[in-house]
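See structure below.
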Amino acid sequence: MEISLIEYSEDKKNVLIDLLTSGSWPFHSTPKITKEKVVEQLQNGYFTGEGKRTFIIYADGNATGVIRLFDLGSGPEDDETPLFDIKIKEKKRGMGIGKKALTWLTELVFTEYPKKTRFEATTRIDNKAMRKVFESCGFVKEAHYRQAWPDEEGNKHDCTGYSILRNDWLNKIKTEVNWNS
Ligand SMILES: CC(C)(COP(=O)(O)OP(=O)(O)OC[C@H]1O[C@@H](n2cnc3c(N)ncnc32)[C@H](O)[C@@H]1OP(=O)(O)O)[C@@H](O)C(=O)NCCC(=O)NCCS
């Protein structure tokens, strides 16, 4: 499957709305997103603007997912640690798209932002697919937040934090956390 990521621009507004409103995001605090909400987020600069970039994931030419990169700081020389969120259409999950997209995004972060030394993300403890994607893409678990992730009913789930270091990315290795230090 041919995967490409194209940066969001105004002409892709309807594509973004369709992707985010057409399915369910079971591990997010708001599993169903309305069109009104996405329009409001677009108006409020949730997807673009300083420190934020959004990409549409295309699989064999079809819009299949969305990645929002945020906390990038004020420009290419900023050393703030960026985070991301990824959403792939229900029918296209489990086909390797997540792994390819995160590999691509990690390369973008470390090549376009020379001062970034780490790239991180969190996910709910039971999001096994996302955790496998992290593991496959060189990310290492470095945090466990207890009862930190609320779901729609208000239940609080544990949450995991992963990151990849520039040095590990460059050397294609994983440096494990020294929990006894
Ligand atoms: C999480 C998500 C981005 C992963 O992308 P994906 O394209 O489905 O992932 P991939 O196909 O590249 O890899 C998924 C891996 O998890 C495995 N997997 C998928 N579902 C699984 C499950 N329920 N239990 C265990 N493993 C699972 C796959 O077999 C694959 O494993 P592998 O590395 O051994 O091949 C995607 O499923 C998604 O958009 N989910 C809903 C939104 C979401 O949860 N986003 C993350 C927010 S932090």
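Laboratory data are not the source of any read-out in this text; all were calculated from the coordinates shown. It should be emphasised that the depicted structure is a prediction, and the values quoted were computed from it without experimental measurement. Positions of Cβ are generated from backbone atoms using ideal geometry, with glycine treated the same way; all protein chains shown enter the neighbour counts.
Which listed residue (Gly96, Ile164, Phe110) has the Cα farthest towards the positive end of the charge dipole for the range 3-171, taking +1 on Lys and Arg C-beta and -1 on Asp and Glu C-beta about the Cα centre? The one lying farthest along the dipole's positive direction is Gly96.
What does the charge dipole of the range 1-142 about its Cα centre add up to, to the nearest 20 debye, if the Cβ of each Lys and Arg holds +1 and the Cβ of each Asp and Glu holds -1?
Values: 23 positive and 22 negative charges, 158 e Å.
Its charge dipole is roughly 760 debye.
Checking every one of the trypsin sites (Lys or Arg not before Pro) in the range 18-48 against DSSP loop status and a limit of 13 other Cβ atoms within 10 Å picks out Lys32. Going down the table (Lys35/Lys100; Lys52/Lys156; Lys32/Lys128; Lys132/Lys156; Lys35/Lys128; Lys13/Lys156), which pairs top 24 Å between alpha carbons? Too far apart for the 24 Å limit: Lys35/Lys100; Lys52/Lys156; Lys35/Lys128; Lys13/Lys156. With one equal scatterer per alpha carbon and no solvent term, the Debye-computed log10 I(q)/I(0) for the range 3-171 at 0.11 1/Å reads -0.45. Residues Trp149, Trp179, Trp25 in ascending order of nearby Cβ atoms (within 10 Å, fewest first): Trp179, Trp25, Trp149. Of the two radii for the range 32-82, the radius of gyration is 1.05 times the Kirkwood radius, both from the alpha carbons; that is the Rg over Rh value.
Please list, by residue number, every one of the GluC sites (Glu not before Pro) in the range 117-160 that is coil in DSSP and has at most 16 other beta-carbon atoms within 10 Å. Don't skip to the end; give the middle numbers.
Details: sites: Glu120, Glu135, Glu142, Glu152, Glu153; in loops: Glu152, Glu153.
Within the range 117-160, the qualifying GluC sites (Glu not before Pro) (loop, at most 16 other Cβ atoms within 10 Å) are Glu152, Glu153.
Charge tally around Ile56: other residues with Cβ under 15 Å, Lys/Arg +1 each, Asp/Glu -1 each, net +2. Taking the number of Cβ atoms within 10 Å of each Cβ as an exposure proxy, the fewest-first ranking of Ile97, Ile125, Ile6 is Ile6, Ile125, Ile97.
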